[in-house]
Structures are given as C-alpha cells and as structure tokens.
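The structure that follows is given in the form of structure tokens.
The values are calculated or read from the model by the stated rules, or taken from the named source; none is laboratory data. As the structure is a prediction and not an experimental result, all values here were calculated from the model. In this analysis, Cβ positions are derived from the backbone assuming ideal geometry, glycine residues included, and neighbour counts consider all displayed protein chains.
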Amino acid sequence: MQTQFTAEQLAQPDIAAADEILRKCVHCGFCTATCPTFVLTGDERDSPRGRIWLIRDLLENDDVSGDVAGHHLDRCLTCLSCTSTCPSGVDYMHLVDIGRRHADLRRNRSIFDRLRRKLLIATLPHANRAWVMLTLAWLAKPFQGVMPKALGGMLAAAPKSRPKLDPIGGKDQIFNAACHPPKARVAMLAGCAQRAINPDINAATIRLLNRIGVEVVVRKQASCCGGVAQHTGDENAAEQAMISTIKAWGNELNFRHLDAIIINTSGCGTVVKDYGHHFAQNPDMADKAKTISDLTMDISEFLDRFGMGDVDFERTQGLSVAYHAACSLQHGQQIKTIPKDLLKKAGFDVRDIAESHLCCGSAGTYNALQPEMASQLQARKLKAINAAEADIVAAGNLGCINQLADSKAPIVHTVELLDWATGGPKPRELRSRISTPS
C-alpha cells in the first residue's frame, strides 16, 4: 500500500510505525475470508483490508473525522484471524491499536458508551470489584428483557451462574511441588476477571503443576495483565497494570530463578507476550518487559515441553472432546495443535469444530461493548460446536468458556480436563453430566 505521510507526520512514533505496517499490505483480500465481522456484514469497512484503508486515510489527513473509522474499528474483535492468513505479514494487531488511538482523538462517544467503558475499566481489572459487579449482574439477569438494549446486552455477557471469588491471587503465595527439590519453578498470573468468574481454572493449573514437580508462585501485585483497559481504550490504566505486573515478577526474578511465567487465560497471554513490544521505546521498562515476555508461556505450551505426568485412561476412555480454539491462542500466540495433542495424549477422542478460525464473539470486553455482533457470532459458534456432538467442550480462555456456556455439552478449560486425567478431581461442570470414575 502506498502512503503519503509528510516528514513532519513521520516524526511521530505512531505514524512512523503505522507507515511501516501499511506498506506491507498488498490488498490481496485473503483476510476478508477469515474476518468474522466481514463474514457477518459483507461491508468492506468491516474487513481488515477495509479498516487498513480507513486507518491510512485517518492518519494521513488531519481533517478526516474519526467517527467512521472509529465505528468500524470498534466493531473489530481484534481476533487476529487475519494475521494467520495474511501472506505479507501485516502487523494488524499493532496497526489497529494505533488507528483506535487516533480515531478516539477525533470523535465524541456517547455519554452511555463512555460510562460503560469507564465501568468496565474500574471493575473488571480488580477481582473483588469484578466479583461484586458480576454478582449484581447475575441477580439482574432475569430482568434484562425489559432493560434498554445496550444495558441488556451487557447483562447477557455476564456469567450464567453466580460467580465465586477465587482466593488464589488475593495474597502472595507459594504452592509447593510434590517433590523436593522441585523440578521447575514458575510464576502464575491468577488474573482479575477469571478470579471473579471461575476459581476452578487456577486450582486445576496449580494442582497439575505441583503434581509434576513444579513449584508455583503467585504474586498479588501481578493482578491484571492490562488487557481490559487496553481493549476499552484507556492506555494509561493499561500501562499502570502492565508496569505493576512487570515489577511484581521482576522482583520475584531478583529473589529466585523462574523457569517460566504461566498464563491460563489465552487473552492475557497474548497481552503479556507483547509487553516487550509495548515498552520497546521506554528506556526504563524495555529490558524488564522483554524479559517477562520471553518467559511467558500458555499452560498448554508449558505442559507440551515439560510433560503432564501419568494418565489414568479409565477416566477418559470413550469420552469425546470438541476443542474450541480461542482466537488469542491460535491467532494471537500461534498455538494451534498443542492443546489438541495434549487432550489426545490424555486419552480423549478430540473432535474439530467447523469454522474453527472464526471468533465466538467474546473477545475480551467485545461482548459487552458490541452485543449484537457478539450474539450473532455466539449463535454461529454454538451451532458448530453442537454439530460436533461431543461429550465435552474444551477451551483455553475464560471469555470463550463464559460465552459458550449454553453449548449442549458441558464446557471446561483444557487444563481442568488434563488435571482430571492425571489424578485431579472431576471438573465441576462434568460431575452431574458425565458418568465416569471421579
């Protein structure tokens, strides 16, 4: 793509970075076939290629309004499916961040839109606040049909069952390995919204890691990856959360060696693995951020390299699992086959889901901010999952699990199944629906 930025414009770091990315786009259109929003609307402006044109025009011309570009950038899930199919290596993830930043400088969001974004940023990154908000949302769910459309859409994104606050992450803790000395030592991100929605995921992760000889460290200061604020447009809040997390793990590294930083919510993993890029121009944070990014691994990635222990095949024999590939894992981190391979090693019959490259509509805070588009993608994904006719559905991201809770088969995190298969308790969602040894 040709660009016509002036020398003055190129002196701005954002514009210089965007120019380099834009010039790689050859307008081939491969991205349109795998873009969920373009599949739904057929509007070129709702495709990566169309959004790239909008971003270029916005950045080149100071007098272009940010309303049109901002509208279509808001509708982008940032699922990064386009990056998996782009033959030119266009860095769409960072380009769309730049585009959103500049569009917001030239547009006036409605009061309601600003308020709901502030509400999400003020609550979700803080587990205690998130638990209170989600509990209130759960209590209000029966009334969502009589509420304003936008508010009802936010309630629809809340968990189907009453959340329980996860104590893991509420204080500094060390979870000892089953052997001494431990075979490895890792830090784990307990998360923010995940602690407020599903305490079973962290518990299963720690049990499994301890069982295979891994000591797990959890630090309270590393409470949020910064993704919630980043997704909702508050760069300052996002950076504060990122810096807090980097410092917490940096202090741990100063104290003792870490073999890895484990993330069990793939959306957070994509954000943390990008810390090095995000702070590359910050002389005080660049090296520290890169160190954290380089150590970060999805739980499935770590288990693939380290091993997951002995499998009790009596528990898994004859059970089929439909694997839902979270966008942040398969596109953001390019981890595509590892979770399925682990499930197969654990004895499960793993089934693929049609249109597995398309997003389920969760996408961080997307289902709360764009409920209409999210619900269409949710229905499409549920249809594909149910068509697989599996006994269980597995996913590696909390948002997807919550978004797809209405699937006919129970849906759980991949690590919960691996923990169960190697000696842990049967996942809560399976206890009344799957008749096997516990």
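Return the residue satisfying two criteria in turn: it lies in the range 160-183 and is free of Cβ contacts under 8 Å to residues at least 40 places away in the same chain and touching a helix residue (DSSP H, G or I) at 6+ places or on another chain (Cβ under 6 Å), and of such residues it is farthest from Arg219 (Cα to Cα).
If we take residues in the range 160-183 being free of Cβ contacts under 8 Å to residues at least 40 places away in the same chain and touching a helix residue (DSSP H, G or I) at 6+ places or on another chain (Cβ under 6 Å), then Arg162 is farthest from Arg219 (Cα to Cα).
Out of all the residues in the range 399-407, is one or more assigned to a loop (DSSP other than H, G, I, E, B) and surrounded by fewer than 18 Cβ atoms within 10 Å (Cβ to Cβ)?
Checked the range 399-407: at least one residue is assigned to a loop (DSSP other than H, G, I, E, B) and surrounded by fewer than 18 Cβ atoms within 10 Å (Cβ to Cβ).
Right, next: Identify all residues within the range 67-97 that are aliphatic (A, V, I, L, M) and surrounded by fewer than 20 Cβ atoms within 10 Å (Cβ to Cβ); write none if there are none. Explain how you work it out, then say what you get.
Step one: filter the range 67-97 for residues aliphatic (A, V, I, L, M), giving 68-69, 73, 77, 80, 90, 93, 95-96.
Val68, Met93, listed by residue number.
Shifting gears a bit: Is it the case that Gly153 is in a helix (DSSP H, G or I), small (Gly, Ala, Ser) and loosely packed, with under 15 Cβ neighbours inside 10 Å?
Values: in a helix (DSSP H, G or I): yes; small (Gly, Ala, Ser): yes; loosely packed, with under 15 Cβ neighbours inside 10 Å: no.
It is false that Gly153 is in a helix (DSSP H, G or I), small (Gly, Ala, Ser) and loosely packed, with under 15 Cβ neighbours inside 10 Å.
So, one more: Looking at the range 389-398 only, could you name the residues that are farther than 22 Å from Ser328 by Cα and either part of a helix (DSSP H, G or I) or among the aliphatic types (A, V, I, L, M) (or both)?
Ala390
Out of Thr32, Thr37, report the one residue that is outside the structural domain of Cys360 (by TED's automatic domain parsing), touching a residue at least 60 places away in the same chain (Cβ under 8 Å) and part of a helix (DSSP H, G or I). Give the steps one after another, and end with the answer.
Numbers: Thr32 fails: touching a residue at least 60 places away in the same chain (Cβ under 8 Å).
Result: Thr37 is the single residue among Thr32, Thr37 that is outside the structural domain of Cys360 (by TED's automatic domain parsing), touching a residue at least 60 places away in the same chain (Cβ under 8 Å) and part of a helix (DSSP H, G or I).
For Leu124, work out the one condition from (1) surrounded by fewer than 22 Cβ atoms within 10 Å (Cβ to Cβ); (2) within 30 Å of Lys171 (Cβ to Cβ); (3) not β-branched (Val, Ile, Thr) it doesn't fulfil.
Failed condition: (1).
Name the helices (runs of 4 or more DSSP H) wholly inside the range 276-379 in which the number of residues that are touching a helix residue (DSSP H, G or I) at 6+ places or on another chain (Cβ under 9 Å), hydroxyl-bearing (Ser, Thr, Tyr) and at pLDDT 95 or above is 2 or more.
Values: elements: 286-295, 299-306, 313-316, 338-345, 366-369.
Filter on the range 276-379 gives 286-295.
So which residues in the range 251-275 are surrounded by 19 or more Cβ atoms within 10 Å (Cβ to Cβ), among the aliphatic types (A, V, I, L, M) and part of a helix (DSSP H, G or I)? Full working, then the answer.
Just the residues of the range 251-275 that are surrounded by 19 or more Cβ atoms within 10 Å (Cβ to Cβ), to begin with: 252, 258, 260-275.
When the remaining residues are screened for being among the aliphatic types (A, V, I, L, M), the result is 258, 260-263, 271-272.
Of everything in the range 251-275, those that are surrounded by 19 or more Cβ atoms within 10 Å (Cβ to Cβ), among the aliphatic types (A, V, I, L, M) and part of a helix (DSSP H, G or I) turn out to be Val271, Val272.
Let me ask another. Exactly one condition in (1) crowded, with 21+ Cβ neighbours inside 10 Å; (2) at pLDDT 95 or above; (3) not in a strand (DSSP E or B) is false for Ala178; which is it?
Here Ala178 clears every test but (1).
Go over the candidates Arg114, Arg101, Arg107 one by one and state the one that is closer than 25 Å to Glu20 by Cα and either surrounded by fewer than 23 Cβ atoms within 10 Å (Cβ to Cβ) or at pLDDT below 90 (or both). Talk me through it step by step, then tell me what you get.
Numbers: Arg114 fails: closer than 25 Å to Glu20 by Cα; Arg107 fails: closer than 25 Å to Glu20 by Cα.
After ruling out the rest, the residue left standing is Arg101.
Taking the range 215-250 as the search range and keeping residues that are small (Gly, Ala, Ser) and part of a helix (DSSP H, G or I), which one is surrounded by the fewest Cβ atoms within 10 Å (Cβ to Cβ)? Quick ask: steps written out before the conclusion?
So the first thing to find is which residues in the range 215-250 are small (Gly, Ala, Ser), and the list is 222-223, 226-227, 229, 233, 237-238, 241, 244, 248, 250.
Narrowing further to those that are part of a helix (DSSP H, G or I): 227, 229, 237-238, 241, 244, 248, 250.
Working: Gly227: 27, Ala229: 25, Ala237: 19, Ala238: 23, Ala241: 25, Ser244: 15, Ala248: 21, Gly250: 18.
Among residues in the range 215-250 that are small (Gly, Ala, Ser) and part of a helix (DSSP H, G or I), the one surrounded by the fewest Cβ atoms within 10 Å (Cβ to Cβ) is Ser244.
Of all residues in the range 212-239, how many are within 19 Å of the chain's Cα centre (by Cα) and polar (S, T, N, Q)?
Residues meeting the conditions: 3.
Does Leu58 meet the test of being over 23 Å from the mean Cα position of the chain (by Cα), surrounded by 14 or more Cβ atoms within 10 Å (Cβ to Cβ) and at pLDDT 95 or above? Full working, then the answer.
Details: over 23 Å from the mean Cα position of the chain (by Cα): yes; surrounded by 14 or more Cβ atoms within 10 Å (Cβ to Cβ): yes; at pLDDT 95 or above: yes.
Yes; evaluated as a whole, the condition is true for this residue.
Which of the numbered conditions does Leu77 fail, given that it passes all the others? Conditions: (1) within 21 Å of the chain's Cα centre (by Cα); (2) free of Cβ contacts under 8 Å to residues at least 60 places away in the same chain.
Unmet for Leu77, out of (1) within 21 Å of the chain's Cα centre (by Cα); (2) free of Cβ contacts under 8 Å to residues at least 60 places away in the same chain: (2).
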